[in-house]
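Below is one structure, written out as structure tokens; comments come after it.
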Amino acid sequence: MSAPILLVGAGKMGTALVRGWIKAGLGPITAVEPAPSAQLQGLQGVALVPDLKAVPQEGWSACVVALKPHIVRAEAAKLKPVAAAGTLMISIAAGTGVDFLAQHWGSKARIVRAMPNTPGAIGRGITALFASQTATAGDRALAKSLLCAIGQTVWLEHEGQIDAATAVSGSGPAYVFVLVSALEKAGIAAGLPPDAAAVLARATVTGSGALLDADPRDAGQLARDVTTPGGTTEAALRVLLAKDGLDLLLTRAVAAAKARAEELARG
């Protein structure tokens, strides 16, 4: 990459991005972070600065804004000189739309919204991407290359779909972790020792995820592979797949997360 990357905000997701870029040979990288973690400070190939006053306004290939939504809303205007210099602006803030960002960065600003998730910390994330009308094909290619450093990417056609992606994949890892915890508690209730229940629940979910990744068949078919007619799995699935079961519960959960993202967008 001929021009450097500017990262604004280097918390957990920002640090994951930096690690992915270093591994992919991208950079050089400058990270704006007033309170860098020990992990971030230990990375080679990244220049750490405390605030935007310490960085030039131009010369960047891309500026990745990895700040919480409320911080982006408060600090967005400070990045206008960077955007005005022709830098591709990539925001990973939930509920912070292109229109809002363009108000602060200029109507000609080239903007891509990205919604990564926490498995990106180990290179197994997935990021939903949406490009503004001002973004070029080259911008899209650059944004994809930067986010591919932490996992897969999916382009969305409509910005409103970013809120749904936030609810499914952005928030989704928490749903899986809650499932592991619930499965562990259910195992204890069924008579397992707590240590055994924890190991069994965790390994079952991680192993099933690995199988899902390795086997191209749809999840429904994989579930049927486990289910013997009249067996134990079928008995459990009658509960999970009841009208008031898991499908309804997850639909409600995703709808609630999407509604909150939409609320954030309205300010």
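The values are calculated or read from the model by the stated rules, or taken from the named source; none is laboratory data. Small disclaimer: the values here were computed from a predicted structure and weren't measured. FYI the Cβ positions are ideal-geometry reconstructions off the backbone, even for glycines, and counts take in every protein chain you see.
General remarks:
- Qualifying residue in the range 35-48 (condition: of a type outside the set (A, V, I, L, M), touching a strand residue (DSSP E or B) at 6+ places or on another chain (Cβ under 9 Å) and at pLDDT 90 or above): yes
- For A10: the one exception among (1) closer than 19 Å to N117 by Cα; (2) touching a strand residue (DSSP E or B) at 6+ places or on another chain (Cβ under 6 Å); (3) in contact (Cβ under 8 Å) with a residue 60 or more places away in the chain: (3)
- All told, A167 falls short of being surrounded by 18 or more Cβ atoms within 10 Å (Cβ to Cβ), touching a Leu at 6+ places or on another chain (Cβ under 6 Å) and not charged (D, E, K, R).
This table checks each residue for (1) over 30 Å from E159 (Cα atoms); (2) modelled with pLDDT of 95 or more; (3) aromatic (F, W, Y); (4) exposed (fewer than 13 other Cβ atoms within 10 Å of the Cβ).
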residue	(1), (2), (3), (4)
T228	yes, yes, no, yes
L237	yes, yes, no, no
G245	yes, yes, no, no
E263	no, no, no, yes
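- Matching entry among L222, L241 (being of a type outside the set (K, R), touching a Ser or Thr at 6+ places or on another chain (Cβ under 9 Å) and closer than 27 Å to A164 by Cα): L222
- The strands (runs of 3 or more DSSP E) falling completely within the range 18-96 that include 3 or more residues that are in contact with a Lys or Arg (Cβ under 8 Å, 6 or more places away or on another chain) map to 88-91.
- Helices (runs of 4 or more DSSP H) lying entirely in the range 120-233 (those with 3 or more residues that are free of Cβ contacts under 8 Å to residues at least 60 places away in the same chain, among the aliphatic types (A, V, I, L, M) and not assigned by TED's automatic domain parsing to the domain that holds G11): 172-189, 194-214, 219-226
- Sole residue being buried (at least 23 other Cβ atoms within 10 Å of the Cβ) and either among the basic types (K, R) or within 20 Å of L17 (Cα to Cα) (or both), chosen from L142, L147: L147
- Checking each residue in the range 7-24 for being touching a Gly at 6+ places or on another chain (Cβ under 9 Å) and either buried (at least 23 other Cβ atoms within 10 Å of the Cβ) or not β-branched (V, I, T) (or both) picks out L7, V8, M13, A16, L17, V18, R19, G20, W21, K23.
- Of all the numbered requirements in (1) farther than 20 Å from D163 by Cα; (2) surrounded by 20 or more Cβ atoms within 10 Å (Cβ to Cβ); (3) at pLDDT below 95, A83 misses one, and that requirement is (3).
- Flag for H104 being free of Cβ contacts under 8 Å to residues at least 12 places away in the same chain and either farther than 12 Å from A135 by Cβ or assigned to a helix (DSSP H, G or I) (or both): no
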